[in-house]
Structure formats: C-alpha cells, structure tokens
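The values are calculated or read from the model by the stated rules, or taken from the named source; none is laboratory data. All of these numbers come straight from a predicted model, not from anything done at the bench. Note that each Cβ is placed from the backbone with ideal geometry, even for glycine, and that neighbours are counted across all protein chains shown.
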Amino acid sequence: MIPPEKLIDGAMRTLRERVLPDLGSPFARGQLFAVVDVLNNLRDRIETRCALLEADAVAASQALSAVAAALHAAGDAAGAASLEAALAAAGADTAGSPEERAAALRGLVREALAACPGHSPAARAAAEGALRGYLVSQAIRDVAPLKPSLLAEISRG
C-alpha cells in the first residue's frame, strides 16, 4: 500500500509540473494553487492526527487537574471531587480512540469553563488561568502544522 503522504506528494508534483504549465488562464492557475495549498496542509495532518489528538488530551487533562487543585485549595471539595471523577472517567476509557478521548476531555473543559462563575474569586481566577493556558496552547497546536499559504500565487493566478 502506498502511504497517503506519498500519494499527496505525487498529486502536488503532477499539478505543479504537468498541469500548471498548460494553464493560461489566471483564474485556472489560481484555482490550481488553491488545491495545491489544501493538499500541502492536508499532507502532514494525516499521519500526525493521532499524535495531535493525544497532545490535546494530555494538555486538557493537565489543565483540568489544575482546576481540580484550585477548587480543593478554595475549599470546594465537592466540586473538585466531581471534576476528578469526570476526569478519571474520561481517561479510563483507554480502549476508545484518541479522537474520542480528546473529545471527552474537551467537553470537560467546556463544562469547567461554564462552572467558573460559580466559584469563589480565588478559585475562579486559578481555574480560568489553567483553562486559558490550555486553550492558548491548543490554538498553537492547531496552527503549528499548517504550511505557508499560497494565497499570493492564488491571487496572481
């Protein structure tokens, strides 16, 4: 079986070397560069998807553990215990796919964010800080694999 990244590399090479030279229309050239841009960004996401999801799950788990610790420190033992139980349940399903685990933990992050206003100011600040750190790092993990855009080539045609 040919690895998907090799197939995508071949398709991009064919588009650049065989199709592009025969395109006279700026619009068609722009469309071709748009397709190459999408393929270029898709290529490295195929194999790394599981690793990206696992990194997301680990980061979410760490942030949620920090939220539980903040709740403990603020004296909200019940809230901390509830979050810890949900966190353990989300992480206990090792048979689930990385996508399922990451989705479950992202759901807990949403719940923790929604619960923040109900906590004491100190617990709220600590919880929001931990969750903000997770969200910022997740945004960076989402953007990091993207390749430089071909928008200049697309617009030139």
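Structural remarks
- Among the residues of region 112-157, those that are of a type in the set (A, V, I, L, M) and under 30 Å from Leu20 (Cα atoms) comprise Val143, Ala144, Leu146, Leu150, Leu151, Ala152, Ile154.
- Qualifying residue in region 73-95 (condition: under 25 Å from Pro4 (Cα atoms) and of a type in the set (Val, Ile, Thr)): no
- With respect to being over 27 Å from the mean Cα position of the chain (by Cα), within 25 Å of Pro145 (Cα to Cα) and assigned to a helix (DSSP H, G or I), Arg101 falls outside the description.
- Here Pro98 clears all of (1) farther than 25 Å from Gly133 by Cα; (2) in contact with a Cys (Cβ under 9 Å, 6 or more places away or on another chain) except the condition numbered (1).
- Residues of region 24-65 classified as more than 27 Å from Leu7 (Cα to Cα), out of contact with any Ser or Thr (no Cβ under 6 Å at 6 or more places or on another chain) and crowded, with 18+ Cβ neighbours inside 10 Å, total: 6
- Scanning region 99-111 for residues that are of a type in the set (D, E, K, R) and either touching a residue at least 24 places away in the same chain (Cβ under 8 Å) or crowded, with 16+ Cβ neighbours inside 10 Å (or both) returns Glu99, Arg101, Arg106, Glu111.
- Test: Ala114 is in a helix (DSSP H, G or I) and exposed (fewer than 13 other Cβ atoms within 10 Å of the Cβ): yes
- Filter result (assigned to a helix (DSSP H, G or I), over 15 Å from the mean Cα position of the chain (by Cα) and surrounded by fewer than 12 Cβ atoms within 10 Å (Cβ to Cβ)) within region 117-152: Pro117, Gly118, Pro121, Ala152
- Taken together, Ala88, Ala77, Ala69 contain a single residue that is more than 18 Å from the chain's Cα centre (by Cα), over 20 Å from Cys50 (Cα atoms) and surrounded by 14 or more Cβ atoms within 10 Å (Cβ to Cβ), which is Ala69.
- Among the residues making up region 29-55, none is farther than 21 Å from Leu150 by Cβ and modelled with pLDDT of 90 or more.
- Residues of region 74-98 classified as out of contact with any helix residue (DSSP H, G or I) (no Cβ under 7 Å at 6 or more places or on another chain) and in a helix (DSSP H, G or I), total: 8
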